[in-house]
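One structure is given here, and the rest of the page talks about it.
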Amino acid sequence: MFKSSWLPLAPALGEVLLLSKASNAKRRQLVVGNWKMNGSLNENAGLLAKIAAGWHGAHNADVVICPPFPYLMHTQNALLGSAVVLGAQTVNEHAKGAYTGEVSASMLADLDCKFVIIGHNERRRMQHESDLQVAQKFEAVQKAGLTPILCVGESLEDREQGKHLETISRQLNIVFAHTGKDVFDNAVLAYEPVWAVGTGKTATPEQAEEVHKFMRSQLGVLADSIRILYGGSVKAHNARQLFALADIDGALLGGASLDADEFLAICKAAE
Ligand code: PGA
């Protein structure tokens, strides 16, 4: 019922592999705005109108907005006819049942969501989501025909003790063990160092590249095609530098997605 004008422009997996092998071309970029628990009908209307008018699509970049659940339908309507795609911030791992206050993946599909963020560190920490639950959510999202954006990232303590790759490896391996790796042809990864989210501190290009390369190396035959976003205090002033890195395929934005000019500047930097 809620048809958007968005068509998946991404080339098929085989074409991506050919592209990256033949010309080393960058993968299709993706910019995702995670509004978290912000906004109101009034504020959203203004923000969405500006974003829909300012983003006309690009041959090499996709843009997604993930509003809070109560605003999904309004956001979907405001984005009709635009090149911006709808996503959600989380989902319940069960298909249906007595889970008061929860939302299933098929409900998100009904509202024409295309992507769902899972394993965001705010949910892992504040809602106590376990690695296993994250894996189950990943599976539920794919079963409903949507694309999971799986977030991983280390705490400041892990980073200071040089255990960041160990943490990321654990977070990824639990999902691999649950689903297998081949289902990652319909998934996006996001590296979000916990110490960089909402703090104004960004990982240095070297830190980000190290982790992105490591994550890519865990994906086997999908290593060249999987999109890996960076998240953590990405702003218009640092986006271009991050997007220029070989293994960064876009960004997951928090604060910067609440300001239309800032958000659009980052989308344009991804083109
Ligand atoms: P931030 O949040 O851009 O405000 O640091 C990123 C995120 O939580 O995905």
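The values are calculated or read from the model by the stated rules, or taken from the named source; none is laboratory data. The structure presented is a predicted model; accordingly, all values stated were derived computationally and were not measured. Every residue, glycine as well, gets a Cβ built from its backbone with ideal geometry; the counts of neighbours run over all protein chains shown. All accessible areas refer to the heavy atoms of the entire protein, side chains included, with ligands and DNA or RNA removed. Shrake-Rupley method; radii C 1.70, N 1.55, O 1.52, S 1.80 Å.
Quick notes on this one:
- Taking each residue of region 139-151 that is without any contact (Cβ under 8 Å) to a residue 60 or more places away in the chain and looking for partners that are surrounded by fewer than 18 Cβ atoms within 10 Å (Cβ to Cβ) and not in a helix (DSSP H, G or I) with beta-carbon atoms closer than 9 Å, six or more apart or interchain, yields Ala140/His94; Ala140/Ala95; Lys143/Ala95; Ala144/Ala95.
- Subset of region 152-167 that is within 16 Å of the ligand (Cβ to nearest atom) and assigned to a helix (DSSP H, G or I) - its residue that is least open to solvent (accessible area, probe 1.4 Å): Arg159
- Of all residues in region 72-90, those that are within 22 Å of Val188 (Cα to Cα) and part of a strand (DSSP E or B) have Cβ atoms under 7 Å from Cβ atoms of residues that are open to solvent by less than 60 Å² (accessible area, probe 1.4 Å) and of a type in the set (Lys, Arg), 6 or more apart or on another chain, in Val85/Lys114; Leu86/Lys114; Gly87/Lys114.
- Glu209 acidic (Asp, Glu), within 14 Å of the ligand (Cβ to nearest atom) and in contact (Cβ under 8 Å) with a residue 12 or more places away in the chain: no
- 1 or more residues out of contact with any Asp or Glu (no Cβ under 7 Å at 6 or more places or on another chain) and among the basic types (Lys, Arg): qualifying helices (runs of 4 or more DSSP H) within region 100-151: 121-126, 131-143
- Looking at Ile266, Ile248, just one residue is within 15 Å of the ligand (Cβ to nearest atom), part of a helix (DSSP H, G or I), out of contact with any Ser or Thr (no Cβ under 6 Å at 6 or more places or on another chain) and within 24 Å of Gly57 (Cβ to Cβ), and that residue is Ile266.
- Failed item in (1) in a helix (DSSP H, G or I); (2) modelled with pLDDT under 95, with Ala203 passing the rest: (1)
- Restricting attention to region 212-231, the residues that are within 16 Å of the ligand (Cβ to nearest atom) and either modelled with pLDDT under 95 or among the β-branched types (Val, Ile, Thr) (or both) total 1.
- If you go through region 222-239 and keep only what is out of contact with any Ser or Thr (no Cβ under 8 Å at 6 or more places or on another chain), open to solvent by 20 Å² or more (accessible area, probe 1.4 Å) and touching a residue at least 40 places away in the same chain (Cβ under 8 Å), you end up with just Arg227.
- Selection within region 251-263: residues that are more than 13 Å from the chain's Cα centre (by Cα) and within 15 Å of the ligand (Cβ to nearest atom). The member of this set that is surrounded by the fewest Cβ atoms within 10 Å (Cβ to Cβ) is Asp259.
- Residues located in region 197-206, provided they are free of Cβ contacts under 8 Å to residues at least 40 places away in the same chain and crowded, with 16+ Cβ neighbours inside 10 Å: Ala203
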